[in-house]
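Enquirer: The structure that follows is given in the form of structure tokens.
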Amino acid sequence: MSVGTEEKIEQRGSALHEFWQNLKSTPKSFLDTAFRGGAPKTDRTRSTFVFGNVFFHLHSVRTHRWSLRWTTTWGLGIATFAAFLITLITGVLLMFYYKPSPDVAYQSIKDIHFVVPTGRFMRNIHRWAGNVMVITVLLHMARAFYTAAYRKPRQFNWLMGMALLVVTLGLSFTGYLLPWDQLAYWAITIGANIAASPQEITNALGITQHFDPGGMQRLILLGSDTVGPEALIRFYLLHVMILPLVLALIVAVHFWRVRKDGGLARPADADRRLGPAKGTYPIFTEQPKKTYQLAAIVRGRTPAVGNGPEGTVPSMPHLFYGELAVLMLTVLICVALALIANAPLKELANPGVPENPAKAPWYFLGLQELVSFSAFMGGIGIPTIVLLGLGLIPYLDRETAGTGEWFGGPGGKKLAWRSVWFGLISVLAIESFVIRFGWLREWFPHIPQLVITAINPGTLLTLAYGAYSVWCVKKYNSTRAGAMALFTCFLCGFVVLTVIGTYFRGPNWVFYWSPADWPGH
Amino acid sequence: MSKNKYLLLISSLGVLLLLVAAAVQENFLREWRRVQASGRNEEGSIAVQLRQIVNPGLKTSDRCVSCHVTMAPGESTVTGSKLLTAHKPVVHDPSEWGCTVCHAGQGQATDRADAHGDVHFWPDPMIEPRFSQAGCGSCHAPLGVPEEERLSLARNTFARLDCYACHKVDGRGGMIRPDGGGMEGPDLSRVGINNYDRDWYAKHLQQHQQATQGPWRNSFAAVNDQDRALLADYLATTMAAPKLIEAKAVFNSTGCLGCHKVSGVGGDEGMDLTREGEKDPGQINFAHLAGGHTVENWMAEHFRSPVSIVVGSQMPSLGLSDREVDLLTMYMRSLRRKDLPASFTPKDRVRAVRFGEREFAGDGATLFGTFCTGCHGGNGVGRRSPGMPSFPAIASPDLLGRVSDDFLTENITKGRPGRRMPAWGELTGGLKPEEIGKIVAYLRELGVPYQPDSKPARWIKADPEQGKKLFASICSGCHGAQGQGIEGPALSNKVLLATATDSYFVQTIGQGRRGTAMLGFLEPHPARPTLSQAEIESIVAFLRTWERGKK
């Protein structure tokens, strides 16, 4: 447009001119209205950027420098959430092609795998992100535990985290059945039998006919006596709707609580440890004029002048870069894994040909190993004890020493190592003994089942861990030390049992050094 | 923060790189794109696009033609890559019927290994090309196939009588010869399915008698009854798949149905083979197999030595030649059942399923070959297989001379309970009485006629107590303490005791049965005691006590 025309418009009058000017500035005013407060260039606008946005305002406006160190969290919580987002997006894409009916489910997965453009890629990403999520949620819990981040005022959020762990496992488990192949079918059959394991007790007492909580649990899970169409539609609904909604809800609470509980746990002297900030973005560039307001809403004793409250930096951009980086790293890992390895798809589910060994998903193989000793103890008893113990930790450990520090508290890293040794040696010893010599049933074939339910390698291991942890409470004169001992032991037990269940158990759950030694059928 | 920035940058670049790699792989590196890029027709290069054959009736949507473009509708003139060759002429045009209906494999896949089913856990991989006629078995049921010798005799008869002068079968014959010796008659390639005029001979003969010159005069002559029966046998089998028929003839000479059932006919000892050709490689244990992990290789090696492929298999090693192994493998792969809409069900399948027509020919030799040779050996010479009691030589004159046709019929119909000989009656093994009659007649051809003595069926009046002692010391080693049979046959057998005469037992104990371990006890022998006639009679009396005990 030439200068002449513009002049003419100007001359002709205001309305048209205004229209033209408005049209020209629309992109800018659109951005202004979308991100009110202007570009995040000053501390004030950075704050507005965060609390003016429904998604960002789950973060606090300012973040402590302690939280931003990689070693504080290793980004595990964000990585878990990132993995959830990835499964959400790829999962919705898969839903366009997946048909949840036994007649066609397997075929539709075959179609996704072989025919749908990028279908295999998406399914691989979905599968890998699901596994990454299980791993990171476990590591995230370990991080929160070892930095004693569950302590006051974060006790409730620790419970929310446990709920998220359970929902994550539920999501992964329900997704396992959907391909309707042999792997899925028999893994879910095993899982459903674990749900029915209270029958071991009721059978031993002879009351299953009248009172059968195990059978009831399995019936609720499967909607039928066996894994069939009802189970598939149940698992599908749980997997694509109910559990993701529940997860999103709890995640919202979890994040909100992180913020309301004063950000991530940190040592009381975090500021001193970090020293003066240098080289990074200057803290509080503007002379604070209304710090009393901040003092009113941010924990701290005195209004900070010339410095951010408690050595914080604006969340935008410091925290957001970190979060985005972790998100992209998670995406990178999932995409790379998806290109390297295909998600498994075995032959069509065949209720007449049991897989031998039939194995549950890998994260349940530790439980399956315990189930092989006693279905009730492995499937219900010990997991309940572990979850109860985990839930009680923040309410029993009311100490303050070591909060926010890795392996903080009495004993420290040395106790953690000692517990690793104790945990590994006990589980390996008891497993070796059972694999070499068998257990009560082999020695006394007619022994009542209740005796085995009470006395089996699983319960003995739990007792040993418990006794060791009580000893640690006494020795270190600290509940935290006992908790650390117990948590470490259970972690070691989980890892060892899972590895044995995954790699060293063959047909009929017999121990083999390698699948190459498995007998042919 | 700068650390995070670099992490973000590197991760993002990494994701971008991987996504581009995935996109390139998906869009540019696909084999079918390269194949199609090489394709040319009269108008120049062809469009590079996903191609498929859809046949809603057969529920196929085969994308095989994305590589095998020339088999797609209207693309037969395309040339280029070596994959771009036309399908050899067949009855079922691939551009209409699709590929997987005959060849199996995964029609919806577009990668070579995936499409051919050469991937883990694809339950229905492509049938090896050298066995491709096995694909006919997905829909067709070749009917009335005789045993091998008779089939080749029948085929040779067709050639010997020069029917090829006028008739075309499987692309051979039917040309008009320069000397005017032939003319174009109907193509007989598929009359086994679609049937042919049963009065052909009378009409041919009439034409021949009326004609004074030309092919009707020169190329046709009277055919005797025996040759006409052979021609009928041959024509019943034509279905444009001669290799498959040959394979089935081998099957019908190997006695597999003695232990296995196909479509409800056969023994119960082994697995039902009705759908054996659909065997899912995911369910096969390849642990003991040398060589390729394919269904065909598994089957072939299993035929060579069943027990070394399937641990604990009860199937005897049949000593087959390589040719027989190949043909049997092909026949096994043809045992398929595609669920077809009625309009696609071929006539031969309808005749087999709805009208009970047999898939084997009705003559004694074929019936014996189909049901008996697996255990009793070709020509009834018996079979010994490691780890199993020997199977009796039923063509031995020592048996056939001592038993009546009724004995044979009864023993075939009711079997030998407790032993591996199944009951072949209509309700169990599935053989009709006239078929069992044919088998008995064939046995008589192999051996000798019944030479009955004048005594009644039960004439022995001896002391069973003495026989009991003798049996325990002399017979029980082979026949078992309770006569249940160990290495030798079971004698406590209801059917045997009910049908065998006293004379049969006395003669068999006294003179033995040649070709088996049973030697005559009347003859002096250095290694075991000799029995007197009275002692033998007492043993028979003892055998009879089992019969009473059973009642």
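The values are calculated or read from the model by the stated rules, or taken from the named source; none is laboratory data. Just so it is clear, the model here is predicted, and its values are computed rather than measured. Don't worry about glycine lacking a Cβ; one is built from the backbone with ideal geometry, like all the others, and counts go over all protein chains shown. Heavy atoms of the whole protein, side chains included, go into the accessibility calculation; ligands, DNA and RNA do not. Shrake-Rupley method; radii C 1.70, N 1.55, O 1.52, S 1.80 Å.
Enquirer: Within region A:426-466, which residues are open to solvent by 30 Å² or more (accessible area, probe 1.4 Å), under 20 Å from A:V499 (Cα atoms) and without any contact (Cβ under 8 Å) to a residue 12 or more places away in the chain?
Expert: Passing the criteria: A:A429, A:S432, A:R436.
Enquirer: Would you check if B:G418 is open to solvent by 60 Å² or more (accessible area, probe 1.4 Å) and in the same structural domain as B:L443 (by TED's automatic domain parsing)? I'd like the intermediate steps shown before the answer.
Expert: On the way: open to solvent by 60 Å² or more (accessible area, probe 1.4 Å): yes; in the same structural domain as B:L443 (by TED's automatic domain parsing): yes.
Criteria met by B:G418.
Enquirer: Mind counting the residues in region A:78-117 that are closer than 21 Å to A:Q182 by Cα, within 14 Å of another protein chain (Cβ to nearest Cβ) and in contact (Cβ under 8 Å) with a residue 24 or more places away in the chain?
Expert: Counting residues in region A:78-117 that are closer than 21 Å to A:Q182 by Cα, within 14 Å of another protein chain (Cβ to nearest Cβ) and in contact (Cβ under 8 Å) with a residue 24 or more places away in the chain gives 4.
Enquirer: Condition test on A:D181, is it within 14 Å of chain B (Cβ to nearest Cβ), more than 26 Å from A:G408 (Cβ to Cβ), touching a helix residue (DSSP H, G or I) at 6+ places or on another chain (Cβ under 9 Å) and charged (D, E, K, R)? Can you show your working first?
Expert: Working: within 14 Å of chain B (Cβ to nearest Cβ): yes; more than 26 Å from A:G408 (Cβ to Cβ): yes; touching a helix residue (DSSP H, G or I) at 6+ places or on another chain (Cβ under 9 Å): yes; charged (D, E, K, R): yes.
When the stated conditions are applied, A:D181 passes them.
Enquirer: Give B:A300, B:A236 a once-over and let me know the one that is farther than 30 Å from A:L183 by Cα and either out of contact with any Phe, Trp or Tyr (no Cβ under 8 Å at 6 or more places or on another chain) or in the same structural domain as B:G356 (by TED's automatic domain parsing) (or both).
Expert: Values: B:A300 fails: farther than 30 Å from A:L183 by Cα.
Every option except B:A236 fails the conditions.
Enquirer: Only residues that are open to solvent by less than 20 Å² (accessible area, probe 1.4 Å) and either more than 28 Å from the chain's Cα centre (by Cα) or free of Cβ contacts under 8 Å to residues at least 12 places away in the same chain (or both): list them for region B:81-106, please.
Expert: Listed by number, the list holds a single entry, B:L84.
Enquirer: Another one. Looking at this structure, is B:D463 open to solvent by 60 Å² or more (accessible area, probe 1.4 Å), closer than 26 Å to B:I412 by Cα, out of contact with any Pro (no Cβ under 8 Å at 6 or more places or on another chain) and of a type in the set (D, E)?
Expert: Numbers: open to solvent by 60 Å² or more (accessible area, probe 1.4 Å): yes; closer than 26 Å to B:I412 by Cα: no; out of contact with any Pro (no Cβ under 8 Å at 6 or more places or on another chain): yes; of a type in the set (D, E): yes.
Answer is no for this residue.
Enquirer: Moving on to the next point. Just to be sure I understand, how many residues within region B:235-287 are basic (K, R), touching a helix residue (DSSP H, G or I) at 6+ places or on another chain (Cβ under 8 Å) and touching a residue at least 60 places away in the same chain (Cβ under 8 Å)? It would help to see each step written out before you state the result.
Expert: First, the residues of region B:235-287 that are basic (K, R): B:243, B:248, B:261, B:275, B:279.
This time we only want the ones that are touching a helix residue (DSSP H, G or I) at 6+ places or on another chain (Cβ under 8 Å), so: B:243, B:248, B:279.
Now restrict to residues that are touching a residue at least 60 places away in the same chain (Cβ under 8 Å): B:243, B:248.
So the count comes out to 2.
Enquirer: Pick from B:F368, B:F355, B:F344, B:F391: which is outside the structural domain of B:R444 (by TED's automatic domain parsing) and in contact with a Cys (Cβ under 9 Å, 6 or more places away or on another chain)?
Expert: Values: B:F368 fails: in contact with a Cys (Cβ under 9 Å, 6 or more places away or on another chain); B:F355 fails: in contact with a Cys (Cβ under 9 Å, 6 or more places away or on another chain); B:F391 fails: outside the structural domain of B:R444 (by TED's automatic domain parsing).
Result: B:F344 is the single residue among B:F368, B:F355, B:F344, B:F391 that is outside the structural domain of B:R444 (by TED's automatic domain parsing) and in contact with a Cys (Cβ under 9 Å, 6 or more places away or on another chain).
Enquirer: Being among the aliphatic types (A, V, I, L, M), at pLDDT below 90 and either closer than 15 Å to A:S432 by Cβ or surrounded by 15 or more Cβ atoms within 10 Å (Cβ to Cβ) (or both) is the filter here; which residues of region A:499-521 pass it? Please lay out each step first, then the result.
Expert: Going through region A:499-521, the residues among the aliphatic types (A, V, I, L, M) turn out to be A:499-500, A:510, A:516.
Going one step further and asking which of them are at pLDDT below 90, we end up with A:510, A:516.
A:V510 - this is the single residue of region A:499-521 that is among the aliphatic types (A, V, I, L, M), at pLDDT below 90 and either closer than 15 Å to A:S432 by Cβ or surrounded by 15 or more Cβ atoms within 10 Å (Cβ to Cβ) (or both).
Enquirer: Test each condition in (1) surrounded by 15 or more Cβ atoms within 10 Å (Cβ to Cβ); (2) free of Cβ contacts under 8 Å to residues at least 40 places away in the same chain; (3) more than 14 Å from chain B (Cβ to nearest Cβ) for A:S60 and report the one that comes out false.
Expert: Unmet condition: (2).
Enquirer: Is there any pair linking a residue in region B:1-27 that is more than 7 Å from every other protein chain (Cβ to nearest Cβ) and assigned to a helix (DSSP H, G or I) to one that is open to solvent by less than 90 Å² (accessible area, probe 1.4 Å) and of a type in the set (D, E, K, R), with Cβ under 9 Å and at least six apart or on different chains, and which?
Expert: From region B:1-27, the pairs are B:N27/B:R33.
Enquirer: Scan A:I242, A:I233, A:I190, A:I220 and give me the residue that is open to solvent by 50 Å² or more (accessible area, probe 1.4 Å), in contact (Cβ under 8 Å) with a residue 40 or more places away in the chain and either of a type in the set (K, R) or not assigned by TED's automatic domain parsing to the domain that holds A:M377 (or both). Don't jump to the end; show me each part of the working.
Expert: Values: A:I242 fails: in contact (Cβ under 8 Å) with a residue 40 or more places away in the chain; A:I190 fails: open to solvent by 50 Å² or more (accessible area, probe 1.4 Å); A:I220 fails: in contact (Cβ under 8 Å) with a residue 40 or more places away in the chain.
Only one candidate qualifies: A:I233.
Enquirer: On the given criteria, is A:W421 in contact with a Lys or Arg (Cβ under 8 Å, 6 or more places away or on another chain) and more than 14 Å from chain B (Cβ to nearest Cβ)? Reasoning before the result, please.
Expert: Numbers: in contact with a Lys or Arg (Cβ under 8 Å, 6 or more places away or on another chain): no; more than 14 Å from chain B (Cβ to nearest Cβ): yes.
In short, no.
Enquirer: If you don't mind, another one. In region A:184-235, which residues are out of contact with any helix residue (DSSP H, G or I) (no Cβ under 7 Å at 6 or more places or on another chain) and farther than 28 Å from A:V353 by Cβ?
Expert: A:L205, A:G206, A:I207, A:Q209, A:H210, A:P213, A:M216
Enquirer: Spot the failing condition for B:Y234; the list is (1) under 17 Å from B:L153 (Cα atoms); (2) hydroxyl-bearing (S, T, Y); (3) at pLDDT below 90, and only one is missed.
Expert: The one condition B:Y234 does not meet is (3).
Enquirer: While we're looking at this one, here's another question. I'm trying to understand the selection: among the residues of region A:329-364, which are surrounded by fewer than 21 Cβ atoms within 10 Å (Cβ to Cβ), at the interface with chain B (Cβ under 7 Å from one of its Cβ atoms) and either part of a helix (DSSP H, G or I) or free of Cβ contacts under 8 Å to residues at least 40 places away in the same chain (or both)?
Expert: A:L332, A:A336, A:L339
Enquirer: When you check A:T118 against the structure, is it in the same structural domain as A:I340 (by TED's automatic domain parsing), in contact with a Leu (Cβ under 9 Å, 6 or more places away or on another chain) and open to solvent by 20 Å² or more (accessible area, probe 1.4 Å), yes or no? Give the steps one after another, and end with the answer.
Expert: On the way: in the same structural domain as A:I340 (by TED's automatic domain parsing): yes; in contact with a Leu (Cβ under 9 Å, 6 or more places away or on another chain): yes; open to solvent by 20 Å² or more (accessible area, probe 1.4 Å): yes.
It is true that A:T118 is in the same structural domain as A:I340 (by TED's automatic domain parsing), in contact with a Leu (Cβ under 9 Å, 6 or more places away or on another chain) and open to solvent by 20 Å² or more (accessible area, probe 1.4 Å).
Enquirer: If we only count helices (runs of 4 or more DSSP H) wholly inside region A:7-121, which ones have 2 or more residues that are under 30 Å from B:S61 (Cα atoms) and out of contact with any Cys (no Cβ under 6 Å at 6 or more places or on another chain)?
Expert: On the way: elements: A:14-34, A:43-51, A:65-68, A:70-73, A:76-95, A:102-114.
Of the helices (runs of 4 or more DSSP H) lying wholly inside region A:7-121, those with at least 2 residues that are under 30 Å from B:S61 (Cα atoms) and out of contact with any Cys (no Cβ under 6 Å at 6 or more places or on another chain) span A:76-95, A:102-114.
Enquirer: Here is a follow-up. Output the helices (runs of 4 or more DSSP H) that fall wholly within region B:233-342 and possess 3 or more residues being away from chain A (no Cβ under 14 Å) and open to solvent by 10 Å² or more (accessible area, probe 1.4 Å), or say none. First the steps, then the outcome.
Expert: Working: elements: B:242-254, B:295-304, B:306-309, B:322-334.
Where helices (runs of 4 or more DSSP H) fall fully within region B:233-342 and carry at least 3 residues being away from chain A (no Cβ under 14 Å) and open to solvent by 10 Å² or more (accessible area, probe 1.4 Å), they are B:242-254, B:295-304, B:322-334.
Enquirer: Within region B:472-529, which residues are of a type in the set (F, W, Y) and either out of contact with any helix residue (DSSP H, G or I) (no Cβ under 9 Å at 6 or more places or on another chain) or closer than 23 Å to B:E410 by Cβ (or both)?
Expert: Step one: list which residues in region B:472-529 are of a type in the set (F, W, Y), which gives B:504-505, B:521.
B:Y504, B:F505, listed by residue number.
Enquirer: Ok, one more. Being away from chain A (no Cβ under 13 Å), touching a residue at least 12 places away in the same chain (Cβ under 8 Å) and under 30 Å from B:E296 (Cβ atoms) narrows it down to one residue among B:R34, B:R63, B:R30, B:R40; which is it? Even if it seems obvious, please write down each step before you answer.
Expert: On the way: B:R63 fails: away from chain A (no Cβ under 13 Å); B:R30 fails: away from chain A (no Cβ under 13 Å); B:R40 fails: under 30 Å from B:E296 (Cβ atoms).
Residue meeting the stated conditions: B:R34.
Enquirer: Return a yes/no flag: does region B:486-504 have any residue that is open to solvent by 70 Å² or more (accessible area, probe 1.4 Å) and either at pLDDT 85 or above or in the same structural domain as B:E410 (by TED's automatic domain parsing) (or both). Working first, answer last.
Expert: First, pick out the residues of region B:486-504 that are open to solvent by 70 Å² or more (accessible area, probe 1.4 Å): B:486-487, B:494.
Pick out the ones that are also either at pLDDT 85 or above or in the same structural domain as B:E410 (by TED's automatic domain parsing) (or both) and you get none.
For region B:486-504, residues open to solvent by 70 Å² or more (accessible area, probe 1.4 Å) and either at pLDDT 85 or above or in the same structural domain as B:E410 (by TED's automatic domain parsing) (or both): absent.
Enquirer: So, in region A:121-137, how many residues would count as being more than 14 Å from A:I86 (Cα to Cα) and open to solvent by less than 20 Å² (accessible area, probe 1.4 Å)? Give the derivation first.
Expert: Start the filter on region A:121-137 by keeping residues that are more than 14 Å from A:I86 (Cα to Cα), which leaves A:135, A:137.
In the following step, the residues that additionally are open to solvent by less than 20 Å² (accessible area, probe 1.4 Å) were identified as A:137.
Qualifying residue count for the region: 1.
Enquirer: Would region A:379-395 turn up any residue that is assigned to a loop (DSSP other than H, G, I, E, B) and not small (G, A, S)?
Expert: Here is the first cut: in region A:379-395, the ones assigned to a loop (DSSP other than H, G, I, E, B) are none.
No: region A:379-395 contains no residue that is assigned to a loop (DSSP other than H, G, I, E, B) and not small (G, A, S).
Enquirer: A follow-up question, please. Pick out, from region B:344-422, the helices (runs of 4 or more DSSP H) lying fully within it that include 3 or more residues that are farther than 30 Å from B:I193 by Cα. Let's see the steps before the verdict.
Expert: Details: elements: B:347-355, B:364-371, B:373-376, B:397-400, B:405-414.
Where helices (runs of 4 or more DSSP H) fall fully within region B:344-422 and carry at least 3 residues being farther than 30 Å from B:I193 by Cα, they are B:397-400, B:405-414.
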